[in-house]
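Visitor: I'd like to ask you about the structure that follows.
We did not get these values from a lab; they are worked out from the coordinates using the rules stated. For clarity, every value in this text was computed on a predicted model and none was experimentally measured. Note that we place each Cβ from the backbone using ideal geometry, even for glycine, and neighbour counts take in every protein chain shown.
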Amino acid sequence: MLFLWKYIDDLIGKGFEWYVILELMIYASATNVAMALPLSVLLSSIMTYGSLGENYELVAIKSAGISLSRAMYPMFVAVLVLSISAFFFSDYMLPKANLKYYSLLWDAREQKSANFLPEGVFSNSFPGYTIRVEKKDPDGQTLHDVTIYAKGADFENPGYVLKAKKGNMYRSNDNKYLIINLEDGIRYEEKPGGSNFNPNPRQILTRFRFKSAQNKLDMSGFKLHRTDESGFSRAFQMMNRRLLKDTMGKIDHVIDSGRRVNYPLLTAYIKYFSMPRRKDMVDKTHAEYKLGVMNFGNNGQKLSYLTNALSEARSVQDLMKQRNERYKEASYSVHSASVEYQKKFTLSAACLVLFLIGAPLGAIIRKGGLGLPVVVSVVFFLIYHIISTIGEKAVKAGDASPFWGMWIAIIILTPIGLFLSYKAANDSVIFDADVYKRVFNAVFGRVMAAFKRKVDLGGHAVEE
């Protein structure tokens with residue numbers, strides 16, 4: 001649904017076949033596995049163990065001498081297998097799905113609209129023609145007040161202008177041409193007079209009226225043309241672990257090479273004072289330079305000193321600005337590649353951690369179905385997703401290391417899962433509303449009793 005709402009304007013009205021839309025949706029579904037799989041593990045584990053607790057089946061299991069951790073063991077093995085499968089999916093299948101998805105989406109967005117002749121608009125959809133239709137009937141084929149500007153091939157064939165009161169358009173049987181039948185119109189055409197050997201400065205205007213005429217327009221530009229997928233393969237989402245590691249190594253090498261070149265480039269702009277060879281002159285010149293450059297020489301020389309210094313400073317600034325921009329681009333690229341590299345592992349870890357949260361949480365709340373489990377799972381998943389997004393942005397900005405930025409959500413949620421597992425194994429009442437109600441009533445009763453006692457003591461003091 002997110003895919004459809006996001007790209008509905010790029011897909012509707014372009015004449016795509018149904019299987020093209022279906023192919024795009026399948027690829028989009030594959031790219032959403034990284035978000036859907038952890039949420040599905042969390043929701044299904046809460047619903048499963050919540051239903052077992054609601055039907056007192058967990059009580060029967062515990063009464064048979066089987067602990068909750070032992071009851072969770074088979075499902076943990078199943079989720080572990082699912083996590084391993086998710087790792088291989090993210091490393092092998094997901095890059096290919098991303099490549100297919102983004103290349104096909106690019107071609108679909110670049111495709112011309114199949115709404116060939118919109119009302120009141122000069123349409124350039126057909127090469128060599130500019131067509132305007134004032135009004136169309138509800139059937140979409142009957143046209144009124146049609147104007148056609150045909151562009152000529154050269155000076156001798158400058159084209160023509162055609163206006164018709166009414167027309168009708170339809171596609172040819174082979175779907176290669178759009179045929180427009182025009183009625184009750186007039187055509188204007190100008191041509192140069194004479195010939196190439198005998199030019200005539202006067203031009204010839206040809207005007208003729210017609211009752212019916214037919215224009216055949218080529219529709220080859222409206223077919224979906226697929227671009228070479230190799231042009232998209234350099235994106236990090238289309239790479240597996242090996243390619244990402246090689247790419248990061250190459251970018252790091254470029255960054256290190258740039259750092260080594262910075263100082264030699266700057267030394268060319270650093271000009272030292274030319275010192276004489278004789279010792280007495282060296283001592284004299286050195287004593288003058290120690291006083292400062294601006295303390296000797298006339299005003300013209302001083303102005304020259306300032307001009308040269310300003311020019312050198314600007315040259316150094318421009319050079320370092322360009323190199324700094326390249327360094328930022330290379331750093332952002334290596335950070336983005338490291339994010340995609342860590343995502344290969346965090347997907348599997350997220351499935352395990354969210355199962356570690358969902359299973360004991362379902363045993364504690366003892367509610368199945370699509371009510372409370374959905375609310376609780378969405379809350380925990382939002383916490384995981386928000387922390388992961390913040391960490392990912394911090395890594396791309398260079399504010400955090402790739403490991404801590406991409407694993408911070410796992411590190412935070414793992415203790416929560418262990419805590420919930422401990423509470424569920426010990427029959428905790430952490431989500432029992434009656435317990436919190438009794439605690440609240442006890443605390444509130446004590447506060448009210450203390451307040452009443454204080455009021456009574458205040459009344460005795462007033463009487464005295």
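Visitor: What is the gain in length, in nm to one decimal, between K437 and S63 on full extension, counting 0.36 nm per residue of separation less the C-alpha to C-alpha distance? Mind showing how you got there, number by number?
Guide: Working: separation 374, 0.36 × 374 = 134.64 nm, distance 2.86 nm.
Between K437 and S63, full extension yields an extra 131.8 nm.
Visitor: Follow-up question, since we're still on this one. Mind giving me the nanometre distance, one decimal, between the label points for N298 and L22, set 7 Å out from Cα along Cα→Cβ?
Guide: Spacing of the two 7 Å Cα→Cβ label points: 9.1 nm.
Visitor: Expressed in nm to one decimal, what extension gain is obtained for the pair L266 and D139 from 0.36 nm per residue of sequence separation less their Cα-Cα distance? Present the calculation step by step, with values, prior to reporting the outcome.
Guide: Numbers: separation 127, 0.36 × 127 = 45.72 nm, distance 7.15 nm.
Roughly 38.6 nm would be gained on extension.
Visitor: How high is the FRET efficiency between Y73 and R242 when r is their beta carbon distance and R₀ equals 51 Å, given to the nearest 0.05?
Guide: 0.90
Visitor: I want to check the label-to-label distance for L310 and Y92. Put each point 7 Å from Cα in the C-beta direction and report it in nm to one decimal.
Guide: 6.7
Visitor: I've got another one for you. For the residue pair I186 and N124, what label-to-label distance in nm results when each label sits 7 Å from Cα along the Cα-to-beta-carbon direction?
Guide: Placing both labels 7 Å along Cα→Cβ, they lie 2.8 nm apart.
Visitor: Also, I was wondering about something else. Tell me, in nm to one decimal, what length is gained between K6 and N32 on full extension, where the rule is 0.36 nm per residue of separation less the Cα-Cα distance?
Guide: 8.0 nm
Visitor: Calculate the FRET efficiency for Y170 and D256 from the Cβ-Cβ distance with a Förster distance of 60 Å, rounded to the nearest 0.05.
Guide: On the way: r = 65 Å, r/R0 = 1.08.
So the FRET efficiency works out to roughly 0.40.
Visitor: Sticking with this one: Calculate one ³J(HN,Hα) per residue across region 334-339 by plugging θ = phi - 60° into the Karplus curve 6.51 cos²θ - 1.76 cosθ + 1.60, and present them in order as whole Hz with x for glycine and proline.
Guide: 5, 5, 5, 5, 5, 5
Visitor: Name all residues of region 60-103 having a backbone nitrogen under 13 Å from the label point set 7 Å from the Cα of A425 along its Cα→Cβ direction, giving them as ranges.
Guide: 67-73
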